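Undergrad: A single structure is presented below for examination.
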Amino acid sequence: MDSISSNKQFSNPEDATRLLYKNWRERFALPLLIGVLVFGAFVLIPAVNASTSPVVDAIFITTFIVTGIVTVVRFSYAIRMTVFLLSIYMLGVGELITHGILGDSLIFFFALIVFSTILLSPRTGIVAVAVNVLTFVVFAFLFLEEIIIPLNPNASPAQLADWFNATGVVVMFGVVIILGFQRLEREFTEAQKQIDSTLKTLETERNNLENNVEERTQQLRKINEIGRFVAAILDPSELLPRALQLIETEFKFYYAAFFLVNSGGQWAELTAATGEAGRVLRENKHRLDLNGSSMIAKAIRERDGQVSSWGKAEQAHLDNPLLPYTRSQIVLPLIIGDEVLGALEIHETRENAFQQADLSTFQNMANEIAIALENARLFQEAQQSLAEMRATQRQYLQGAWQTLTDEQDLVYALGDNDTPNGNEIEIPLSLREQVIGQLQLFSAAEWSPEQKSLVEAIVTQASLALENARLVEESQSIAAREKMANDIIAKVWASTSMEGILQTAVRELGRSLEAAEVEIEISMDKDENE
């Protein structure tokens, strides 16, 4: 998390690395000082008891006290580390005074270089090396000139070569430590750069993904809105222009058009299009050969969407010169089941405006429009069939009631219309939009709306009752004729001779039809035209 936050605060990975390293050192400082105090407490007491030099005791005690002060009191990091390094240096000097260069003082001087480099900087490590070398030079002079002698009488005497060896070892390990830390710091910086680059790449990809998801969500919302809108249109001639109008409103495309396959399956005919170019193309009855090389023909033949993009230099590739600003084009087949009704063509002025990933999204819109178009066509066919059925039914009713009124005088009246200036209402008796009669009522008083509503309701029921009665009578008449025919046929089949069959047929037909004369003649000499 620290590396991520530092990358957000600093554009330079080196600055982020320094901040990260600084934070780590500051968090490491307090535990380090506490550890030194705890470890020093166990070492200080036996060291003081074993020492016979008040100078060494003073160095140890002073170092411990100063370290405890900077640990307890909240000094700055630089002060704390400076005190810590001085404490290490003083411990090294104390060991050097006590045991000479052949004692344990090198451990403290090495520690001074290591901690200076790690806790502060490589430059401080170089300073620590220089301080160590200067210290060795000074004490070598003092010891070799016997100005001072080791406090430990059992310490091994050191020669000039020992001091050179110690100085060389300190310088060599100091250089190795400093160079190694610098190398480590560079590697860490490079790793931080890679992390920063990776995070930036991930952030860019995440932003792109979010933008793509948002864009695709907006596309789906618009497509769903278009699908919901066109599903409510049941007029095929109105559906495609309204769909184009909504597509233009939602997506702001440069040009869009619908092509439908003609009845012969040879041409894709322009049915609806946007803009002035669309108007000119419709007036010219623009159409494309389905066996041609156009994107529309290919989309319809292959039942698959097509995407293309052109630069300015490739504009001549366009199929239509009326659309000079087209830079991208997508064509989507209108598929319903196993049938391709046509295609939806969309143009844009931007290059690469349509990608292969857009095909599935916009194909859903084309499928919804195709389904709506097929539903509208089926609805129109159903309406036409219903209208034809109603017309046939009206003709049947008209013929049936015309025949009935020709045979019978169906006029009924009640009361006398002797009231001058009386109020009259006329209500037609209609069955399925076919008028079969009329009801007239006269009254001295004015008819109220409630009375008119009552009369209309009764007339409606009376019309249905009259039709039911007519159907009953017609059914009874048909049943009677069928019974009579069956009886005559049964008697004819009961006769076993030709003369008996002819006599039975003549007798039964004359009796049933009440005919004055019935004659049956069987002859092959008659002209067929007679």
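Undergrad: Within the range 172-218, how many residues turn out to be of a type in the set (S, T, N, Q) and closer than 21 Å to A128 by Cβ?
TA: Here is the first cut: in the range 172-218, the residues of a type in the set (S, T, N, Q) are 182, 189, 192, 194, 197-198, 201, 204, 207-208, 211-212, 217-218.
Keeping just the survivors that are closer than 21 Å to A128 by Cβ gives 182.
Summing the residues that are of a type in the set (S, T, N, Q) and closer than 21 Å to A128 by Cβ in the range 172-218 gives 1.
Quick grid of which residues meet (1) at pLDDT 80 or above; (2) under 26 Å from I69 (Cα atoms):
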residue: V93; (1), (2): yes, yes
residue: G103; (1), (2): yes, no
residue: I107; (1), (2): yes, yes
residue: V127; (1), (2): yes, yes
residue: F136; (1), (2): yes, no
residue: E145; (1), (2): yes, no
residue: L151; (1), (2): no, no
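Undergrad: Going residue by residue through the range 98-108, is there one that turns out to be over 27 Å from L184 (Cα atoms), exposed (fewer than 14 other Cβ atoms within 10 Å of the Cβ), in contact with a helix residue (DSSP H, G or I) (Cβ under 9 Å, 6 or more places away or on another chain) and not basic (K, R)?
TA: Filtering the range 98-108 down to residues over 27 Å from L184 (Cα atoms) leaves 98-105.
Add one more test, that the residue is exposed (fewer than 14 other Cβ atoms within 10 Å of the Cβ), and what stays is 104.
Cutting the leftovers down to in contact with a helix residue (DSSP H, G or I) (Cβ under 9 Å, 6 or more places away or on another chain) gives us 104.
Next cut, not basic (K, R) only: 104.
Yes, because at least one residue in the range 98-108 is over 27 Å from L184 (Cα atoms), exposed (fewer than 14 other Cβ atoms within 10 Å of the Cβ), in contact with a helix residue (DSSP H, G or I) (Cβ under 9 Å, 6 or more places away or on another chain) and not basic (K, R).
Undergrad: Okay, next question. Got a number for residues in the range 293-325 being farther than 16 Å from H347 by Cβ and at pLDDT below 90?
TA: The qualifying residues number 2.
Undergrad: Ok, one more. Could you check L466 against (1) in a helix (DSSP H, G or I); (2) without any contact (Cβ under 8 Å) to a residue 12 or more places away in the chain; (3) surrounded by 10 or more Cβ atoms within 10 Å (Cβ to Cβ) and say which number it fails?
TA: (2)
Undergrad: Here are some residues: R507, R511. Which one is within 30 Å of A400 (Cβ to Cβ) and among the basic types (K, R)?
TA: When all the criteria are applied, what remains is R511.
Undergrad: Among the residues of the range 218-244, which ones are over 18 Å from T361 (Cβ atoms) and touching a Leu at 6+ places or on another chain (Cβ under 8 Å)?
TA: I233, P236, L239, L240
Undergrad: Starting from the range 490-512, keep only residues that are within 19 Å of S523 (Cβ to Cβ), then list their pairs with residues that are of a type outside the set (A, V, I, L, M) and surrounded by 13 or more Cβ atoms within 10 Å (Cβ to Cβ) whose Cβ atoms are within a distance under 7 Å, requiring at least 6 positions of separation or different chains.
TA: I501/S495
Undergrad: I'm checking my understanding of the structure. Among residues of the range 359-386 that are surrounded by 14 or more Cβ atoms within 10 Å (Cβ to Cβ) and among the acidic types (D, E), which one is farthest from S328 (Cα to Cα)?
TA: E374
Residues checked against (1) among the charged types (D, E, K, R); (2) closer than 17 Å to L404 by Cα:
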| residue | (1), (2) |
| --- | --- |
| E424 | yes, no |
| S430 | no, yes |
| S443 | no, no |
| Q451 | no, no |
| E456 | yes, no |
| N468 | no, yes |
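Undergrad: Is it the case, given these coordinates, that A232 is surrounded by 12 or more Cβ atoms within 10 Å (Cβ to Cβ) and either among the hydrophobic types (A, V, I, L, M, F, W, C) or not assigned by TED's automatic domain parsing to the domain that holds S360 (or both)?
TA: Details: surrounded by 12 or more Cβ atoms within 10 Å (Cβ to Cβ): no; either among the hydrophobic types (A, V, I, L, M, F, W, C) or not assigned by TED's automatic domain parsing to the domain that holds S360 (or both): yes.
For A232, the condition - surrounded by 12 or more Cβ atoms within 10 Å (Cβ to Cβ) and either among the hydrophobic types (A, V, I, L, M, F, W, C) or not assigned by TED's automatic domain parsing to the domain that holds S360 (or both) - is not met.
Undergrad: Only one of these is in contact with a Gly (Cβ under 8 Å, 6 or more places away or on another chain) and either surrounded by 12 or more Cβ atoms within 10 Å (Cβ to Cβ) or free of Cβ contacts under 8 Å to residues at least 40 places away in the same chain (or both): F173, F164, F188, F181. Name it. Don't jump to the end; show me each part of the working.
TA: Details: F173 fails: in contact with a Gly (Cβ under 8 Å, 6 or more places away or on another chain); F164 fails: in contact with a Gly (Cβ under 8 Å, 6 or more places away or on another chain); F188 fails: in contact with a Gly (Cβ under 8 Å, 6 or more places away or on another chain).
After applying the criteria, what remains is F181.
Undergrad: Does V48 count as modelled with pLDDT under 70, crowded, with 18+ Cβ neighbours inside 10 Å and touching a helix residue (DSSP H, G or I) at 6+ places or on another chain (Cβ under 9 Å)?
TA: Numbers: modelled with pLDDT under 70: yes; crowded, with 18+ Cβ neighbours inside 10 Å: no; touching a helix residue (DSSP H, G or I) at 6+ places or on another chain (Cβ under 9 Å): yes.
Against the criterion (modelled with pLDDT under 70, crowded, with 18+ Cβ neighbours inside 10 Å and touching a helix residue (DSSP H, G or I) at 6+ places or on another chain (Cβ under 9 Å)), V48 does not qualify.
Every residue, every condition in (1) within 20 Å of I233 (Cα to Cα); (2) touching a Leu at 6+ places or on another chain (Cβ under 7 Å); (3) of a type in the set (A, V, I, L, M, F, W, C), yes or no:
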| position | (1), (2), (3) |
| --- | --- |
| I247 | yes, no, yes |
| A256 | yes, yes, yes |
| G264 | no, no, no |
| A268 | no, yes, yes |
| R279 | no, no, no |
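Undergrad: I need the full set of residues from the range 272-308 which are among the polar types (S, T, N, Q) and more than 25 Å from R327 (Cβ to Cβ), in order please.
TA: The first filter runs over the range 272-308 and keeps only residues among the polar types (S, T, N, Q), leaving 274, 284, 291, 293-294, 306, 308.
Within the range 272-308, just N291 meets the criteria.
The values are calculated or read from the model by the stated rules, or taken from the named source; none is laboratory data. Keep in mind the model is a prediction, meaning the values are calculated, not measured. No Cβ is skipped: glycine too gets one built from the backbone with ideal geometry, and neighbour counts run over all protein chains shown.
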